[in-house]
Amino acid sequence: MSTNCRRRLIRDFKRLSTDPPGGISGSPCPDNIMLWNAVIFGPADTPFEDGTFKLLLTFDESYPNKPPTVKFLSRMFHPNVYANGELCLDILQNRWSPTYDVAAILTSIQSLLHDPNPNSPANAEAAQLYRENMKEYVRRVRATVEESWLDPDEHEAMRQEDEAAAASSSDPSSS
Amino acid sequence: MKVHIKHWHAIAQWRWDIGKNDDDDDGEGDVCGICRVPFEGCCPSCKMPGDDCPLIWGECTHVFHMHCLLQWIGTAASKQQCPMDRRPWVTAERKVDAGNPR
């Protein structure tokens with residue numbers, strides 16, 4: 001069945017494959033056009049350089065009148081990315097416009113890597129280091145860059161180890 | 001030599017007068033910014049282009065398929081703003097003259 005949303009997503013995919021903006025790629029899952037996998041390559045001259053950060057975009061039937069849900073699958077260390085991979089980006093929330101497409105969304109996220117907004121932190125530690133200790137911020141980001149090269153299974157194992165370590169060293173608090 | 005015309009076929013083309021030159025700057029033609037379908041096509045909810053799926057102009061000069069724009073304006077998230085420039089949407093007093101296509 002073809003719906004408005006699906007037709008628009010097909011157009012988005014066409015545009016992304018014929019005229020791809022630099023440093024991003026994305027495509028729908030073969031069996032579900034409402035689910036897209038994307039990769040953002042860390043922009044040059046930023047601590048994220050050379051990273052291959054994977055994302056998952058989930059659309060519902062109200063797209064493009066509503067934004068998709070966007071989540072990093074790769075572990076990120078960035079002031080505006082939550083621990084669960086969700087991100088805090090105005091155009092995906094209250095400044096969404098139906099004129100945005102997948103290419104525009106991915107390009108905006110790419111420039112967010114470049115230009116974090118420490119005033120609306122989703123990761124307080126990353127925001128603090130970004131403001132006060134650039135050297136340590138860069139070191140932590142570089143660690144995620146290296147992790148981003150691992151395949152998903154290795155990555156998941158690493159994440160579980162991290163979570164186990166975090167759980168044993170501090171009280172989990174909801175935020 | 002005498003030529004006798006036995007049959008002839010008229011071919012006509014129409015397009016909305018959106019007040020722009022034919023040569024579009026990006027070469028991809030004019031598409032509705034919301035559904036990305038050419039203005040001369042119809043919005044994804046319609047089957048036939050033409051008067052049943054007209055365009056709508058804002059006072060900000062932005063143009064969309066009427067159905068696409070109204071669907072967006074109908075959402076709370078739109079805050080009744082133009083999707084292009086976020087100014088309050090005011091429909092311009094401009095009617096497409098269907099009898100006078102370019």
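Points to keep in mind about this one:
- Any hit, region A:88-99, residues being open to solvent by 20 Å² or more (accessible area, probe 1.4 Å), closer than 30 Å to residue A:161 by Cα, of a type in the set (Lys, Arg) and out of contact with any Leu (no Cβ under 8 Å at 6 or more places or on another chain): no
- Number of positions in region A:60-77 that are crowded, with 20+ Cβ neighbours inside 10 Å, more than 10 Å from the chain's Cα centre (by Cα) and more than 14 Å from chain B (Cβ to nearest Cβ): 1
- Extreme residue, farthest from residue B:69 (Cα to Cα), among residues of region A:1-18 that are open to solvent by 30 Å² or more (accessible area, probe 1.4 Å) and either in a loop (DSSP other than H, G, I, E, B) or of a type in the set (Gly, Ala, Ser) (or both): A:17
- Subset of region B:71-95 (residues that are within 11 Å of residue A:65 (Cβ to Cβ) and either among the polar types (S, T, N, Q) or free of Cβ contacts under 8 Å to residues at least 24 places away in the same chain (or both)): B:71, B:73, B:74, B:75, B:76, B:77, B:78
- Scanning region B:47-70 for residues that are open to solvent by 20 Å² or more (accessible area, probe 1.4 Å) and either facing chain A (nearest Cβ under 10 Å) or touching a residue at least 60 places away in the same chain (Cβ under 8 Å) (or both) yields B:62, B:67.
- For region A:84-99, the set of residues classified as part of a loop (DSSP other than H, G, I, E, B) and hydrophobic (A, V, I, L, M, F, W, C) consists of A:88, A:89, A:96, listed by residue number.
- Qualifying residue in region A:105-114 (condition: open to solvent by 80 Å² or more (accessible area, probe 1.4 Å) and either in contact with a helix residue (DSSP H, G or I) (Cβ under 9 Å, 6 or more places away or on another chain) or in a loop (DSSP other than H, G, I, E, B) (or both)): no
- Evaluation of residue A:80 against the conditions (1) away from every other protein chain (no Cβ under 14 Å); (2) under 14 Å from the mean Cα position of the chain (by Cα); (3) exposed (fewer than 15 other Cβ atoms within 10 Å of the Cβ) shows that the sole unmet condition is (3).
- Qualifying residue in region A:19-41 (condition: open to solvent by 40 Å² or more (accessible area, probe 1.4 Å), within 14 Å of another protein chain (Cβ to nearest Cβ) and assigned to a helix (DSSP H, G or I)): no
- Contact map, region A:87-100: residues that are at the interface with another protein chain (Cβ under 7 Å from one of its Cβ atoms) paired with residues that are buried (at least 21 other Cβ atoms within 10 Å of the Cβ) and outside any loop (DSSP other than H, G, I, E, B), Cβ distance under 8 Å, separation 6+ or inter-chain. Pairs shown: A:98/B:68; A:98/B:72.
The values are calculated or read from the model by the stated rules, or taken from the named source; none is laboratory data. Everything quoted here is computed from the prediction, not taken from an experiment. Quick reminder, even Gly has a Cβ in these numbers, built from the backbone with ideal geometry, and neighbours come from all protein chains shown. Side chains are part of the model used for accessible areas, which takes the heavy atoms of the whole protein and leaves out ligands, DNA and RNA. Shrake-Rupley method; radii C 1.70, N 1.55, O 1.52, S 1.80 Å.
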